[in-house]
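The structure under discussion appears below in the form of structure tokens.
No value in this document is a laboratory result; all are computed from the given coordinates. In this text, all values refer to a predicted model and were calculated from it rather than measured experimentally. Note: ideal-geometry Cβ built from the backbone for every residue, glycine included; neighbour counts use all protein chains shown.
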Amino acid sequence: VFVRPDGTITYDWNAADQVVVGNQEPKIQGTFGFNLRWKQFSLFSTFLYECGGQRYNSTLVDKVENARIADGNVDRRVLTGRWQKPGDVTNVPRIEDFADTNMNAGTSTRWLISSNMLELASATLSYDLPKQWLEKVSMQGLRVYASGENLFLLTKRKGIFPRSNIFSGYSGNADVYLPARVFTFGLNLTF
């Protein structure tokens, strides 16, 4: 069911009026971090944030609205909550062969999602051994550290990378996945 701006209803998404909704560009975006030191410990971190934009989640359109199990991965809602028989109440359509183009999902505000996000992009915790311990072995410094990248992400956009945007070179977002978490442990020696 599609509701036109004048309030009339159509069941043919090709006949539905198109309207501009949302804004892909965030109102604010940026980065912040801190570098703290206490005794021999140091903690450095970088956060990224974005507020005020919206994105169209084409990944969910493909995996929910246009889902065909034979084509590959589908969202779990398709397997557990799809329409299957008359009387079912659900917002997940039946699995269809799409011979009827009216069964294909038209672009809808249902998949317009806030792109607000906060990401801990990197953090490093280190410990410098006391100088008096190192003098005994003729060393000037020894730092032990643990570092991590892509540590956590707070966003409504699940399964896709929220920082992919209109300037990323992608027309959609179905192939821009979350980056892997990377952990590094090491020693820095100074003689």
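Proximity of backbone amide H atoms, modeled 1.01 Å from N, is registered between Val92 and Trp83 at under 5 Å, excluding neighbours fewer than 5 places apart on the same chain.
Taking amide hydrogens as placed 1.01 Å from N in the peptide plane, the amide H of Gln54 sits under 5 Å from those of Asn23, Gln24, Glu25, Ser115, each at least 5 positions away in sequence or on another chain. Using the Karplus relation 6.51 cos²θ - 1.76 cosθ + 1.60 with θ = phi - 60°, the per-residue 3J(HN,Hα) values for the range 34-41 come to 8, 9, 10, 9, 9, 6, 9, 9 Hz, with x marking Gly and Pro. Charge tally for Arg143 (other residues, Cβ to Cβ under 14 Å; Lys, Arg +1; Asp, Glu -1): +2.
Listed values for the range 145-150 are Karplus-derived 3J(HN,Hα) couplings in whole Hz (6.51 cos²θ - 1.76 cosθ + 1.60, θ = phi - 60°), namely 9, 10, 9, x, 10, 6, and x replaces Gly and Pro.
A crude spin-label estimate for the pair Tyr145 and Ser108, with each label 7 Å from Cα along the Cβ direction, gives 5.0 nm. Extension gain for Leu125 to Glu25 (0.36 nm times residue separation, less C-alpha to C-alpha distance): 32.6 nm.
For Gly33, the amide hydrogen comes within under 5 Å of the amide hydrogens of Phe47, counting only partners 5 or more places away or on other chains and with H modelled in the peptide plane. If you take the beta carbon distance between Thr10 and Trp83 as r and set R0 to 22 Å, what does 1/(1 + (r/R0)^6) give as a FRET efficiency, to the nearest 0.05? Efficiency, from the Cβ-Cβ distance: 0.65. For Lys156 and Ser42, the difference between the fully extended length at 0.36 nm per residue and the C-alpha to C-alpha distance is 37.8 nm.
Between Arg76 and Thr190, what is the spin-label point distance in nm, taking each point 7 Å from the Cα along the Cα→C-beta axis? Between Arg76 and Thr190, the simple spin-label model gives 5.0 nm.
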